Structures are given as C-alpha cells and as structure tokens.
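Chemist: Sharing a structure with you now.
The values are calculated or read from the model by the stated rules, or taken from the named source; none is laboratory data. Everything quoted here is computed from the prediction, not taken from an experiment. Reconstructed Cβ throughout: ideal geometry from the backbone, glycine too, with neighbour counts over all protein chains shown.
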Amino acid sequence: MVQDITVRPVQPQDTEAVQELLRQEMVHNGCNFDESSPYHPKNAAQDVIRKTMDAGNPNRGWLAFAGDKPAGIITTPMDLAGGVFVNEEFRGKGVAQALIRTREKYLKEDLGLTQIERPVRADNEASIKLHTEKLGYRFSQASLNLLKENPKPPGNTVLYLVKTL
C-alpha cells in the first residue's frame, strides 16, 4: 500500500492528468477512438471535468495522487458505467481501493445513498476480487442467477456488484 496516496475530486487544472490516465486506460483496454468520438480521452476528460464541477453529480470524477504524480482515476464518463483505472506504476498499492472508498464516502455522506451497484466485466478477476474480498461487495441476485446458469460467462458479460453503505 502506498502511504502518500491522496484522493480528491477532479479539478479544471487536471485536464492533462485526466487525459493521460484515460489515454492509458484506452490503450490498456485495446480501444482506439478517433478524436471525434466522445470517448476519446480529450473529449471524455472534458466530460469528467464538467460533471465534477457539479458537487451533486454522482458521476463526478476523482483522482488519486502518489505525491504529486497522478496514480489513478475513477470516472463515469458519458453516463456509462465508467470505472477505476490505475497507472501501471501504482497497481497493487491500494490506489483503486482508495479511489473506491473515497467515492463511496461521497455517495453516502454527500448524496445520502444507502446502496450502490457497480458493473464489472466477468473477465476482470482483479476487480471482482478487490470488490468482494476487500471492499464488502456481493453479487446482485441477477448476477448470481446468471452465474448459476453459466459459471463461466463470456468475458465481456457485465456482472453487477452491490454494497450497502
């Protein structure tokens, strides 16, 4: 676990950091969006920043820093599922956990939510393990039903994890 991880909402001056983390995520996921796509990092970064300026928007973005270096981001760009992305240099050091816990605190304390649901791809074993073993999430009933019928669904299948806050 990195000792000096700080997490805060994305700010307008974070445009380059957000773009770079979203670019890394795009490459990591094997995506290739042209610059006119709303999902291209330069466009998605603007969307994240716009949503973060509204303190009541549950889709705001959060950045994690190790010292002054951007280490990770949690976003919900373009009102899609979004997710957590950690710079490869900082993986396995508690960055994702810090981002998720900060967002959970915001959703509970600032927005008054009592339960949250997170989508996760069936082939994202690291995320499933993190959420279920370290963060207290469980599979939704619909996901449990699906897994009962097909214990090894295709990798791009979306499963839902839920947690009471």
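Table: residues versus (1) under 21 Å from PHE90 (Cβ atoms); (2) out of contact with any helix residue (DSSP H, G or I) (no Cβ under 8 Å at 6 or more places or on another chain).
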site	(1), (2)
ALA17	yes, yes
GLU20	yes, no
MET26	yes, no
ASN29	yes, yes
PRO38	no, no
ALA45	yes, no
ILE49	no, no
MET53	no, no
PHE65	yes, yes
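Chemist: Another question, if that's okay. Do the conditions hold for GLY72, that is, is it in contact with a helix residue (DSSP H, G or I) (Cβ under 9 Å, 6 or more places away or on another chain), under 20 Å from ILE5 (Cβ atoms) and not assigned by TED's automatic domain parsing to the domain that holds VAL162?
Modeler: yes
Chemist: A further question on this structure: Suppose we filter ALA98, ALA122 for residues that are buried (at least 18 other Cβ atoms within 10 Å of the Cβ), modelled with pLDDT of 90 or more, in the same structural domain as LYS163 (by TED's automatic domain parsing) and of a type in the set (A, V, I, L, M); which single one remains?
Modeler: On inspection, the qualifying residue turns out to be ALA122.
Chemist: Could I ask something else about it? Going by the structure shown, is GLU35 exposed (fewer than 14 other Cβ atoms within 10 Å of the Cβ) and either not in a strand (DSSP E or B) or not β-branched (Val, Ile, Thr) (or both)?
Modeler: Against the criterion (exposed (fewer than 14 other Cβ atoms within 10 Å of the Cβ) and either not in a strand (DSSP E or B) or not β-branched (Val, Ile, Thr) (or both)), GLU35 qualifies.
Chemist: Hey, among THR6, THR102, which residue is in contact with a strand residue (DSSP E or B) (Cβ under 7 Å, 6 or more places away or on another chain) and under 25 Å from VAL158 (Cβ atoms)?
Modeler: Result: THR102 is the single residue among THR6, THR102 that is in contact with a strand residue (DSSP E or B) (Cβ under 7 Å, 6 or more places away or on another chain) and under 25 Å from VAL158 (Cβ atoms).
Chemist: Within the stretch 148-165, work out how many residues are surrounded by 15 or more Cβ atoms within 10 Å (Cβ to Cβ) and among the aliphatic types (A, V, I, L, M).
Modeler: Within the stretch 148-165, residues that are surrounded by 15 or more Cβ atoms within 10 Å (Cβ to Cβ) and among the aliphatic types (A, V, I, L, M) number 3.
Chemist: Taking the stretch 62-90 as the region of interest, how many residues are under 15 Å from ARG118 (Cα atoms) and at pLDDT 80 or above?
Modeler: 5
Chemist: So LYS93 fits all but one of (1) assigned to a helix (DSSP H, G or I); (2) out of contact with any Pro (no Cβ under 9 Å at 6 or more places or on another chain); (3) crowded, with 16+ Cβ neighbours inside 10 Å; (4) at pLDDT below 95; what number is the exception?
Modeler: Going through the list (1) assigned to a helix (DSSP H, G or I); (2) out of contact with any Pro (no Cβ under 9 Å at 6 or more places or on another chain); (3) crowded, with 16+ Cβ neighbours inside 10 Å; (4) at pLDDT below 95, LYS93 breaks only (1).
Chemist: From the residues in the stretch 110-165 that are part of a helix (DSSP H, G or I), free of Cβ contacts under 8 Å to residues at least 24 places away in the same chain and closer than 22 Å to GLY94 by Cα, which one is farthest from the chain's Cα centre (by Cα)?
Modeler: Filtering first and then ranking leaves GLU133.
Chemist: Here's something else I'd like to know. Kindly indicate whether any position in the stretch 128-138 is among the polar types (S, T, N, Q) and modelled with pLDDT of 90 or more.
Modeler: Looking through the stretch 128-138, at least one residue is among the polar types (S, T, N, Q) and modelled with pLDDT of 90 or more.
Chemist: Return the pair list, or none, for Cβ contacts closer than 6 Å from residues in the stretch 19-32 that are touching a residue at least 60 places away in the same chain (Cβ under 8 Å) to residues that are in a helix (DSSP H, G or I), at least 6 apart or on different chains.
Modeler: LEU22/PRO41; LEU22/ALA44; LEU22/ALA45
Chemist: Next up: If I filter the stretch 41-61 down to residues being in a loop (DSSP other than H, G, I, E, B) and in contact (Cβ under 8 Å) with a residue 12 or more places away in the chain, which single residue comes out as nearest to the chain's Cα centre (by Cα)?
Modeler: Here the answer is GLY61.
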